[in-house]
1. For region 64-132 and region 1-43, what is the centre-to-centre distance using only Cα atoms, to the nearest Å?
2. Would you mind computing, in nm to one decimal, how far apart the modelled labels at Glu49 and Gln116 are, each placed 7 Å from Cα along Cα→Cβ?
3. Among the aspartates and glutamates, which have Cα under 16 Å from the Cα of Lys47 when same-chain residues fewer than 8 positions away are ignored?
4. Could you grab the relative contact order for region 1-48? Cα pairs under 8 Å, six or more apart, rounded to a whole percent.
5. Could you please put Lys30, Lys117 in sequence from largest to smallest accessible area, using a 1.4 Å probe?
6. Could you give the length gained on full extension between Glu29 and Asn62, defined as 0.36 nm per residue of separation minus the Cα-Cα distance, in nm?
7. Give the aspartates and glutamates whose C-alpha is closer than 13 Å to that of Lys7, dropping any in the same chain fewer than 8 places away, or say none.
8. Would you calculate, for the chain, the mean residue ellipticity at 222 nm contributed by helices, counting each DSSP H stretch of 4 or more residues as -39,500 (n - 2.57) and dividing by all residues, to the nearest 500?
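The values are calculated or read from the model by the stated rules, or taken from the named source; none is laboratory data. Note that the structure is a prediction, hence the values are computed from the model and not measured. Every residue, glycine as well, gets a Cβ built from its backbone with ideal geometry; the counts of neighbours run over all protein chains shown. Accessible surface is based on the protein model in full, side chains and every heavy atom, while ligands, DNA and RNA are left aside. Shrake-Rupley method; radii C 1.70, N 1.55, O 1.52, S 1.80 Å.
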Amino acid sequence: MEPVEYKVEECTNIEDIPMRLLMDADPEEKMIEAYIHRSRTFLMYDKGEVIGVYVLLATRPNTVEIMNIALTKAMQGKGLGEQLLRHALETSRKLGYRIVEIGTGSTGMSQLYLYQKCGFRMVGVEVDYFLRNYSMPLYENGLRIRDMVRLSRKL
């Protein structure tokens, strides 16, 4: 059975950005506020309802970073994360970028697997990133998130 392709469109109205969904992937609202107004946000829909989101931020010439990527809990585990990530890569290519970067917590095993499956390579670790930038301790897979793993992919 073929996987369903869901519609993904750019969100042009800042009020329509699903902050609650973004906060599922990044629970510190001030971190999202620091980049959301200078980014491009794309929404994935199922029957008119937002089920996914990703945010692209130009960081250097020819380089864009996926600042946030998230799916509603009900849509996780169905292969849509890969579909959403591949859409982000194709959109980045169409926008003229040659490098896509992404960062994730060092304890995010499923995210690290997905990113590498989609061609990303680890390029560094920002030690104590989450300790320095988040007001509350964050946990994933039963471990406190301390470090950010940085990944990059050429288009």
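1. About 13 Å separates the Cα centre of region 64-132 from the one of region 1-43.
2. The answer from the label model is 3.4 nm.
3. By straight Cα distance, Lys47 reaches Glu5, Glu9.
4. On the way: 29 pairs, mean separation 28.8, N = 48.
This gives 60 percent for region 1-48.
5. Lys30, Lys117
6. On the way: separation 33, 0.36 × 33 = 11.88 nm, distance 2.76 nm.
In short, 9.1 nm is gained.
7. Output for Lys7: Asp46, Glu49.
8. On the way: 5 runs with 44 residues, N = 155.
Helix contribution divided over all residues of the chain: -8000 deg cm²/dmol.
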